[in-house]
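The structure under discussion appears below in the form of structure tokens.
Every read-out reported here was derived from the displayed coordinates using simple, explicitly stated rules and does not represent laboratory data. Quick caveat: nothing in here was measured; it's all calculated off a predicted structure. Here the Cβ is made from the backbone with ideal geometry for all residues, glycine too, and neighbour counts use every protein chain on show.
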Amino acid sequence: MTDAGLDLLDKLRAAELRQAHAASTSDSPGVAPGSTVIDRVLGVCEVEIGGRPTLMFGSNNYLGLTVHPEVVEAACDAIRRYGTGTTGSRAANGTLALHEELESQFVDWSGKRHAIIFSTGYQANLSVIGALCGPGDVILVDGSSHASIFDAARQTAAQLIGFRHNSPESLRRRLERLPAGQRNRLVVVEGLHSIRGDVAPLRELVAVSKAYGAYVLVDEAHSLGTYGLRGFGCCEAQEVLDEVDFVVGTFSKSLAGVGGVCVSELHELRALRVLARAYVFTASGSPGNVAGVSAAVRVLRQHPELRARLWENLRRLRAGLRDLGFAIGETESPIIPIAAGDERHAIALWQRLLEAGLYVNLIVPPGCSPDDCVLRASCSAAHTPEQIARALEILGHVGAELASHAPFTRPASGRCDRSCT
Amino acid sequence: MLSWLSMSRPISRERLEEGVLDVLKSVSRRPIEPTLDSDLAADLGFDSLLTLEAIAELEDRFDLSIPLNEVPLSRKVSRIVAHLEELLEERET
């Protein structure tokens, strides 16, 4: 096989071989990673997998709104009134009053002048970055950014430069190499990292970006709803919301649906409605989904105690993990990376936890270094103290069972790569 | 720490090659002896994460930006050296 490839299918065959090899070398022949099927949802944080009740500590349902009565009723009511889908693009027959209402809600919530919603968070990044940047422009991206950010940047003909994760100095050095006096550059960072669970130093990153004439886009996928006094994310929490040019969020975490949004003070954002291919050439969000998200935004804003409960829960979980001797990420956040050793051990640990009734996410290569695999646990406001205690009991038991293979003494860096280079 | 590059004079091909090989050795998670004919993935075990780290380290070592979308598809060390040479020449002009 050459770099060009003699057969299109060679790449797929190689991927299948890798998966088969990983499965064959696993210490315990349990559920294959990536093949988990949830048969039933028993409660907001409990599901049934393989006939077993399983605690869910691997979702992004940070506020537990997927089963909130107001959210469910709003979604059902919208389906009854508008049907199950729009069957059209926002640019054609796919704009309902519901879509504009949700965009107005984001304007009000963010305090920005303009908001556009998208069919997925992935498409939000494809749209915004894709429309903003082109030949001759420069996109500077945190090296640990989500795949949607890298894909969005690569689809443009702009220069794509990576800087070290959450490092204002690394960003500054790369900005300094660019010609002075121009504004054809965009810096993209994430508020809360989806695997590492660490938070970007936005004040410093924004200050550096502005010093070199760059626009700033902050992706708040995991921080929308979980950070900030009014829940509008890390930009709000770090008091830089006024200085950030574009904030992108997703509906598939705290907002309990599917979709994405971009808010901006800049009038030019409106041009995305004709320029952004991932907005124009795709069906708009379905009525039930949009109405559900709209209700979720209302509930979230009216009930800040949900956020307080989330933080109480994650602190309890983190303390319990530390008491058990697990090495976890340093940053206190709803996302908790747990060091799991090499790939073989991480898979075995993940499978044993699942068999014991606990689901967390498994992060293995190519998503991380081979010796730095991670179990990504996440917390919800909806977790009960009993569920957290039970989860810790399972983790303690399984961890001790497999302790001879990995002592869990190294801190979980949670380093991961979604760049797909 | 040795300064690998002086902004006031162009770097020789030999120094560039030495620098690249040194960076690859320092970034690698296991001991390696890279050569110009080595392939990053097949011979040196560099996955995409490690490749990104190597690129970041090369940028800092040689004080230049290496656009990710212009990194050669061929991951042979010699091709990477050639690419850096092109970038350095662009910077000098």
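Could you work out the mean count of beta carbons from other protein chains within 10 Å of each residue's beta carbon in A:138-144? Average neighbour count from other chains, rounded to a whole number: 2. Rounded to the nearest 20, the size of the Cβ-charge dipole of the protein assembly as shown about its Cα centre is 900 debye, with Lys and Arg at +1 and Asp and Glu at -1.
Using a cut-off of 15 Å between beta-carbons, work out the net charge of the residues near A:R40 (Lys and Arg +1, Asp and Glu -1, A:R40 not included). With Lys, Arg at +1 and Asp, Glu at -1, the neighbours total -2. Taking the square roots of 5 times each eigenvalue of the Cα gyration tensor of chain A, largest first, gives ellipsoid semi-axes of 33, 27, 22 Å.
Simple spin-label estimate for A:L9 and A:F281 gives 2.8 nm between the two label positions (7 Å along the Cα-to-Cβ direction from each Cα).
All C-alpha to C-alpha distances of the range A:47-186, sorted into 5 Å bins beginning at zero, yield P(r) values of 2, 7, 11, 13, 15, 14, 13, 10, 8, 4, 2, 0, 0 percent in whole numbers. Think of each Lys and Arg Cβ as +1 and each Asp and Glu Cβ as -1; about the Cα centre, that makes the dipole of chain B roughly 180 debye. Averaged over the residues of A:365-375, the number of partner chain Cβ atoms lying within 10 Å of the residue Cβ comes to 2.
Each peptide among A:83-95, A:43-55 gets the average number of other Cβ atoms lying within 10 Å of its residues, and from highest to lowest they stand as A:43-55, A:83-95.
Counting pairwise Cα distances across the range A:172-313, what percent come out greater than 27 angstrom? Tail of the P(r) past 27 Å holds 27 percent of the pairs. For A:A319, neighbours were defined as the other residues whose beta-carbon sits under 12 Å from its Cβ, and their charges (Lys and Arg +1, Asp and Glu -1) total +1. Can you tell me which lysines have their Cα less than 25 Å from the Cα of A:K253? Leave out same-chain residues fewer than eight positions away. Within the straight-line cut-off, A:K253 pairs with A:K112. Cβ under 10 Å from A:S223's Cβ, A:S223 left aside: what net charge do those residues give with Lys, Arg +1 and Asp, Glu -1? Cβ neighbours under 10 Å give a net charge of -3. Taking 35 Å as R0, compute the FRET efficiency from the Cβ-Cβ separation of A:D77 and A:E305 and round it to 0.05. Efficiency, from the Cβ-Cβ distance: 0.85. Given +1 at the Cβ of Lys and Arg, -1 at the Cβ of Asp and Glu and no other charges, the dipole of the range A:96-225 around its Cα centre is 660 debye to the nearest 20. The stretch between A:E100 and A:V274, if pulled fully straight at 0.36 nm per residue, gains 61.0 nm over its current Cα-Cα span. Considering only C-alpha atoms, what is the centroid distance from the range B:15-51 to the range A:323-379, in Å? Cα centroid to Cα centroid, the span is 28 Å.
In summary, the lysines within cross-link reach of B:K76, defined as a Cα separation below 25 angstrom excluding same-chain residues under 8 places away, comprise A:K11, B:K25.
Taken as Cα centroids, the range A:79-134 and the range A:168-201 sit 27 Å apart, rounded to the nearest whole angstrom. GNM remark for chain A: springs join alpha carbons under 10 Å apart, and the peak mean-square fluctuation among A:D108, A:D219, A:D142 falls on A:D108.
Distance between the pseudo-spin-label points of A:D108 and A:A157 (7 Å out from Cα toward the beta carbon): 4.4 nm. Seen against the Cα atoms of chain B and their longest principal axis, helix B:77-92 is set at about 20 degrees.
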